[in-house]
Amino acid sequence: MTVHRIMGIETEYGITVPGVRIMNAMATSTRLVNAYARNNIRGRQRNPQWDYSEEAPLRDARGFDMTRSEADPSQLTDDDMGMANVILTNGARFYVDHAHPEYSSPEVTGPRAAVLWDRAGATIMHRAAQYTTTDGVDLPILLYKNNTDNKGASYGCHENYLMSRSTEFSAIVAWMTPFFISRQIFTGAGRLGIGQQTRDFKYQISQRADFFETEVGLETTFKRPIINTRDEPHCDAERFRRLHVIVGDANMSDTATYLKMGTTSLVLSMLESGFLDGMDMTPTEPVRSMYAVSHDITLQKRLPLTGGRNWTALEMQREFWNLASKYCESEYAGELDAETADVLHQWGTILDRLQDEPLECADVLDWVAKYRLMDAYRTRGELEWSSARLQAIDLQYADIRPDKGLALRLEQRGQLLRMVTDQEIEHAQFHPPTDTRAYFRGECLRRFPDEISAASWDSLIFDLPGKDTLVRVPTMEPTKGTEALVGELLASAANASELVELLGA
């Protein structure tokens with residue numbers, strides 16, 4: 001395996017209503033999701049049920065289950081709280097998660113597709129906010145693709161990677177910890193402020209780094225761990241595990257998202273193959289190193305590793321890149337697929353550019369692009385870094401309105417590179433990837449919305465005319481349900497009853 005595997009991105013968006021001093025975030029997020037459903041979704045999908053029957057959010061990859069009495073209420077994600085929830089024809093889920101609207105992308109098989117359906121999610125969010133205004137319902141809602149309100153709250157952009165169950169979890173911890181600590185140098189979204197409560201107005205690379213407090217754990221909203229242990233693969237648990245990554249930032253830059261997903265998948269491939277056996281890059285102070293990398297925009301800070309080594313994050317990433325290059329050469333010499341080759345090339349190029357001059361990477365990396373905007377504004381206005389105007393730029397960078405968001409305006413000027421077109425994004429809002437089970441989910445929702453009672457990542461539940469009981473169609477294999485496998489079947493079924501009969505369910 002190379003960069004290609006089942007993957008996806010879940011993004012919680014920052015939400016606010018200007019002019020409202022005390023906003024009910026849950027109610028506002030619900031209004032947002034419902035507005036999108038009213039204007040885009042027909043049939044029963046407007047009030048879908050999420051099928052929680054196979055979910056197990058308290059299962060821990062270390063081999064035990066936390067009891068429900070031990071769990072924080074925020075961990076009981078399999079409880080139906082009655083919050084707004086829709087499953088989209090592109091195979092994604094758009095719903096209210098705690099106090100934020102969340103878009104969980106459909107399953108895709110590569111980093112470029114991850115970029116595309118992630119951007120489709122941002123456009124869906126923007127349209128939902130527009131509908132709340134055009135529907136004539138009070139004040140406008142503003143949305144930000146960021147990770148903190150700079151008042152102590154952080155919200156996530158989680159990555160998901162399907163990987164072999166046979167890979168020892170201890171090996172995942174050993175190798176993904178140094179990788180996640182060091183990859184911040186190209187995945188960081190940039191933040192003005194140090195500490196969870198913003199105790200000091202200095203610029204740092206990552207939005208999320210200061211909110212991580214431990215090395216390994218099941219939690220996601222408090223005592224956040226660098227390695228999350230949630231063991232919920234949404235498929236055959238005997239064969240697969242899902243690496244649930246909570247340590248990343250929400251990126252506006254296509255390149256940052258592409259490298260985040262592609263490089264992580266490559267390192268996982270090396271782990272699964274045993275290529276890294278016998279080697280070691282263990283940090284001796286993981287959490288402190290997480291902060292240290294994020295707080296040093298010169299990329300010169302040295303981190304203690306076992307064996308008395310002291311490497312910079314750039315040196316650690318260079319070592320990962322060297323290993324990945326050797327791995328691909330040894331496994332796929334002359335036959336490396338184009339996307340994996342491109343990830344390797346762009347990864348190496350960005351490390352070269354960061355080595356030469358980090359601040360010259362503003363055309364591809366969020367943290368650099370935002371820093372350059374702030375520094376130019378600060379210099380012109382002779383401002384202190386604590387200036388409220390600079391704090392506004394920090395927020396405005398992640399505004400998802402095309403005419404207001406600074407990152408999007410940089411793209412419009414050609415100063416922040418794009419990887420996908422407007423036409424591709426428009427199509428991805430309404431259509432699923434064709435090479436995963438998301439195709440079956442999305443197409444069933446598009447063709448038979450009135451006959452679908454509930455859905456989840458690994459099931460569709462039909463409510464068919466003349467049937468006394470619901471019919472559950474499991475979709476436990478993420479690489480099945482593709483257009484190649486079920487496209488003709490779907491096309492030949494005049495209705496959901498015929499489809500279920502053809503499936504033999």
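The values are calculated or read from the model by the stated rules, or taken from the named source; none is laboratory data. These figures come from a predicted structure and were not determined experimentally. Note: ideal-geometry Cβ built from the backbone for every residue, glycine included; neighbour counts use all protein chains shown. Keep in mind that these areas ignore ligands, DNA and RNA; they rest on the heavy atoms of the full protein, side chains included. Shrake-Rupley method; radii C 1.70, N 1.55, O 1.52, S 1.80 Å.
Helix-only estimate, please: 222 nm mean residue ellipticity of the chain, summing -39500 (n - 2.57) across DSSP H runs of length 4 or more and dividing by its residues, to the nearest 500.
-12500 deg cm²/dmol
Counting only heavy atoms of protein chains, what accessible area per residue, in Å², does the chain have with a probe of 1.4 Å?
On a per-residue basis, the chain sits at 40 Å².
Using a 1.4 Å probe over the heavy atoms of the protein chains, calculate the carbon and sulfur portion of the accessible area of the range 88-158 as a whole percent.
C and S fraction of accessible area: 55 percent.
Which far-off residues, 5 or more places away or on another chain, put their amide H under 5 Å from the one on residue 216, with H placed in the peptide plane?
Close amide H contacts, sequence-distant or interchain: 226, 227.
So which of 301/370; 223/404; 145/223; 145/202; 202/223 end up more than 28 Å apart by C-alpha?
223/404
Using a ≥ b ≥ c from the Cα gyration tensor of the range 295-411 (square roots of the eigenvalues), is it rounded, prolate or oblate, where a/c under 1.5 gives rounded and otherwise the larger of a/b and b/c decides, a/b for prolate?
In terms of gyration-tensor shape, oblate.
Applying 1/(1 + (r/R0)^6) with R0 = 45 Å to the Cβ-Cβ distance of residue 492 and residue 133, what FRET efficiency is obtained, to the nearest 0.05?
Efficiency, from the Cβ-Cβ distance: 0.60.
Given a 1.4 Å probe and every protein chain left where it sits, what share in percent of the accessible area of the range 207-253 is carbon and sulfur?
41 percent
Mind running the shape call on the range 408-459? Use the C-alpha gyration tensor, a ≥ b ≥ c as the square roots of the eigenvalues: rounded below 1.5 for a/c, prolate if a/b tops b/c, oblate otherwise.
Verdict is prolate for the range 408-459.
Please give the length that would be gained between residue 39 and residue 363 if that part of the chain were fully extended, namely 0.36 nm times their separation in residues minus their C-alpha to C-alpha distance (nm, one decimal).
Working it through step by step, the gained length comes to 113.1 nm.
What is the packing order of peptides 123-131, 28-36, taking the mean over residues of other C-beta atoms within 10 Å and listing the highest first?
28-36, 123-131
Starting from the 7 Å offset along Cα-to-Cβ, what nm value, one decimal, do you get for the label separation of residue 70 and residue 430?
So the label points at residue 70 and residue 430 sit 4.9 nm apart.
On the principal axes of its Cα set, how long, how wide and how thick is the range 373-505? Give whole Å, largest value first.
Principal-axis extents of the range 373-505 (Cα, largest first): 72, 28, 24 Å.
Tell me, what is the 1.4 Å probe accessible area of residue 201, in Å² to the nearest 10?
70 Å²
Between residue 197 and residue 503, what's the calculated FRET efficiency when r is the beta-carbon distance and R0 is 60 Å? Round to 0.05.
Efficiency computed from Cβ-Cβ geometry: 0.65.
Please list 463, 403, 118 in order of solvent-accessible area, largest first, computed with a 1.4 Å probe with all protein chains present.
403, 463, 118
So between residue 166 and residue 470, what do we pick up on full extension, going 0.36 nm a residue minus the alpha carbon distance?
Length gained between residue 166 and residue 470: 105.9 nm.
Take the eigenvalues of the Cα gyration tensor for the range 209-355, scale each by 5, and report the square roots as semi-axes in whole Å, largest first.
24, 22, 17
Note the full-extension length gain between residue 52 and residue 479 as 0.36 nm times their separation in residues minus their Cα-Cα distance, in nm to one decimal.
Extra length from residue 52 to residue 479 when fully extended: 151.6 nm.
Can you list the lysines whose alpha carbon is less than 24 Å from that of residue 326, not counting same-chain residues fewer than 8 positions off?
By straight Cα distance, residue 326 reaches 260.
Using modelled backbone amide H atoms (1.01 Å from N, in-plane), which distant-in-sequence or interchain residues come within less than 5 Å of residue 207's amide H?
So residue 207 has HN proximity to 189, 190.
Please list, short to long, the whole-number percent of alpha-carbon pairs of the range 363-449 in consecutive 10 angstrom bins beginning at zero.
For the range 363-449, the pair-distance distribution reads 14, 34, 21, 18, 9, 3.
Let me see the pair-distance distribution of the chain: every alpha carbon pair, 10 Å bin width, integer percents in order.
Distribution as computed: 4, 19, 31, 27, 14, 4, 1, 0 percent.
Can you list the DSSP H helices in the chain whose Cα atoms extend at least 20 Å along the helix axis and whose mean Kyte-Doolittle hydropathy is -1.0 or higher?
TM-like helix candidates: 25-40, 111-134, 169-187, 254-273, 313-332, 338-356, 366-381.
Given a 1.4 Å probe and heavy atoms of the protein chains only, how would you sort 422, 337, largest accessible area at the top?
Solvent-accessible surface, decreasing: 422, 337.
Can you work out ³J(HN,Hα) from phi for every residue in the range 214-220, in order, using Karplus 6.51 cos²θ - 1.76 cosθ + 1.60 and θ = phi - 60°, giving whole Hz and x for Gly and Pro?
With coefficients 6.51, -1.76 and 1.60, one gets 8, 8, 9, x, 8, 5, 10 Hz.
Reachable aspartates and glutamates from residue 480, Cα under 15 Å, same-chain residues fewer than 8 places away excluded?
Straight-distance partners of residue 480: 107, 236, 435, 443, 458, 488.
By its C-alpha gyration tensor, with a ≥ b ≥ c as the square roots of the eigenvalues, how is the range 82-234 shaped: rounded for a/c under 1.5, else prolate for a/b larger than b/c, else oblate?
oblate
Run the paramagnetic zone check for residue 450: 7 angstrom along Cα to Cβ, then residues of the range 483-505 with backbone nitrogen under 16 Å.
494-499
Please report the carbon-and-sulfur percent of the accessible area for the range 334-427; probe 1.4 Å, protein heavy atoms only, DNA, RNA and ligands left out.
Answer for the range 334-427 is 47 percent, counting heavy atoms of protein chains only.
What spacing in nm lies between the two simple spin-label points modelled at residue 388 and residue 309, each 7 Å away from Cα in the Cβ direction?
4.9 nm
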